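The values are calculated or read from the model by the stated rules, or taken from the named source; none is laboratory data. Since the model is a prediction, treat every value here as computed from it, not as a measurement. Cβ: placed from backbone, ideal geometry, glycine included. Neighbour counts: every protein chain shown.
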Amino acid sequence: MSNSSILAGPSLRRLRKREGQTQAAMAASLGISPSYLNLIERNQRPLSARVLVRVIEQYDFDPRALREDEAIGGIDGLARRLSDERFSDLGIDREEANEFLASAPQAAAAFARLYDNANMEAGGATDPLLASRLEIERWRNHFADLDHAAEGLADELRLSRGDIGSALTERLREKHQLSVRILPLEVMPEALSRLDLHARQLQLSEMLAHTSRNFQVALQIAQLEQREQIDALVAGSQLTDRGAKQLFERHLIAYFAAALIMPYGRFLRACEQTSYNVRILQRRFSASFEQVAHRLTTLQRVGQRGLPFFMGRVDRAGQFSKRFSGASGATLLESDASCPLWIVHEAFDRSGELCAQAIKVEGADAGPDHWLTFAQTVDGTGGVGEASFVLVLGLEARLAADLAGARDVNLEADAAQPIGLGCARCHRAGCRQRSLPPRGAPLHIDRIIRGVTPFDFRTLEERER
């Protein structure tokens, strides 16, 4: 809570009313002027560290209550919910969402809770995947305690790019009396790894790529050495469904494993030194493209932040199997389908190539709409099967000029490829890739002229221009 730029006006105002005090009385107890307190309550001045300490001392106040917006993922979480197509006719932009959150955080939290419950319980059943993802987004996919613990262990093990695998294996052997054994495919045809406590072995498939073997060992270390911390995070979550809790736990285990292989401080310095060159980062940390991409969405340490990337994983049908918005504010991952004009679809035919594309997103009023994105095929089975997914990384174009991968990409907004949030949510007229008309748009069927697209939903005024 040392951050001096906290805007916490509504929370402080509720505290004053709860205590039955006037602005003059509270200002006197805090050692500030009534006019200054008035500015703080109206979010026209931040709550300084000095005043915050006085609030805690005078009112026995829990400072976590000053950041109620964190419970819904801050402005990014609220903007993501307001970008739902059910609200598209209201034209709510990011500035209006920010005003809502700043002036009435409890009302915003109530809206978010109703929205999330309605989505998770659609059809009478809780969606554990969505529930888990919302909990991850509530933390902006940054778990500071796990990062610090992983960084400490990495220093203890003196991990370097040359001996990550052997150091992790030695840790299992010395501290937990577990050896690592590589087994042939016919012995483990349907499994990547298996813990055999009777034989005191972590058994890994011979088909796993080298980077995936390291990650599996790191996962096992996470489960053995961070159980208490992970259990505490799961217990403190807002999750009630058992499946959602298990998915959240699995994410936390993988988070620690990635943080152990790519320790926060060292990884961020490498990002900055290489201009976020993903290929170099893979080599330097003996990590896969997907592991590095995951890690890039987590760099939100206070005072030591990285660039705010989002990451998604897409199958050939355009469905997302992974979505991590991090602190990016991205809403384009929220659609049920992805636009066929996005580079993620072309990447399937360019296996192993890192494809770059600047995009401008139609209908992203509640969040940024101009992005630089990178896409590459990945194998979702750790090297056991064929590449069947494309992983996409994205960063706001205004932040991307110095990226290693941006050197051959025109980042001017006019040069970006326009895309939509799937045909059913896209109102771009004249798109030759359109498969469906936008929901709710009145169609115009011309008996005389057949256009290049099968659906014309322009208004009469637009058609006559």
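Hey, could you check region 245-275 for residues that are among the charged types (D, E, K, R) and under 19 Å from Ala232 (Cβ atoms) and say which is surrounded by the fewest Cβ atoms within 10 Å (Cβ to Cβ)?
Among those residues, the one meeting the criterion is Arg250.
What are the pairs with Cβ atoms under 7 angstrom where one residue, in region 391-417, is more than 23 Å from Gln273 (Cα to Cα) and the other, located anywhere, is of a type in the set (A, V, I, L, M) and loosely packed, with under 13 Cβ neighbours inside 10 Å? Sequence gap at least six, or different chains.
Partner pairs satisfying both residue conditions: none exist.
Against the condition assigned by TED's automatic domain parsing to the domain that holds His210 and either loosely packed, with under 14 Cβ neighbours inside 10 Å or touching a Phe, Trp or Tyr at 6+ places or on another chain (Cβ under 7 Å) (or both), how does Glu135 come out, does it pass?
For Glu135, the condition - assigned by TED's automatic domain parsing to the domain that holds His210 and either loosely packed, with under 14 Cβ neighbours inside 10 Å or touching a Phe, Trp or Tyr at 6+ places or on another chain (Cβ under 7 Å) (or both) - is not met.
Hey, any hits in region 208-220 for a residue that's of a type outside the set (Val, Ile, Thr), surrounded by fewer than 18 Cβ atoms within 10 Å (Cβ to Cβ) and in contact (Cβ under 8 Å) with a residue 60 or more places away in the chain?
Yes; the residues of region 208-220 include at least one that is of a type outside the set (Val, Ile, Thr), surrounded by fewer than 18 Cβ atoms within 10 Å (Cβ to Cβ) and in contact (Cβ under 8 Å) with a residue 60 or more places away in the chain.
Could you please let me know if Arg301 is of a type in the set (D, E, K, R) and under 9 Å from the mean Cα position of the chain (by Cα)?
no
Which condition number in (1) touching a Leu at 6+ places or on another chain (Cβ under 9 Å); (2) farther than 23 Å from Arg133 by Cβ; (3) exposed (fewer than 14 other Cβ atoms within 10 Å of the Cβ) is the one that Glu190 fails?
(1)
Do any residues in region 172-190 that are closer than 14 Å to Glu225 by Cβ have Cβ atoms under 6 Å from those of residues that are part of a helix (DSSP H, G or I), where the two are at least six apart or on different chains, and which pairs are they?
Going by the 6 Å Cβ cut-off, the qualifying pairs are His176/Leu224; Leu178/Leu172.
State whether the residues of region 162-185 include one that is of a type in the set (S, T, N, Q), surrounded by fewer than 20 Cβ atoms within 10 Å (Cβ to Cβ), in contact with a Leu (Cβ under 7 Å, 6 or more places away or on another chain) and part of a strand (DSSP E or B).
No, the conditions are met nowhere in region 162-185.
Would you please name the residue that is surrounded by the fewest Cβ atoms within 10 Å (Cβ to Cβ), looking only at residues in region 284-320 that are modelled with pLDDT of 95 or more and in a helix (DSSP H, G or I)?
Phe289
Looking at (1) surrounded by fewer than 17 Cβ atoms within 10 Å (Cβ to Cβ); (2) in contact with an Asp or Glu (Cβ under 8 Å, 6 or more places away or on another chain), find the lone condition where Ser325 falls short.
(1)
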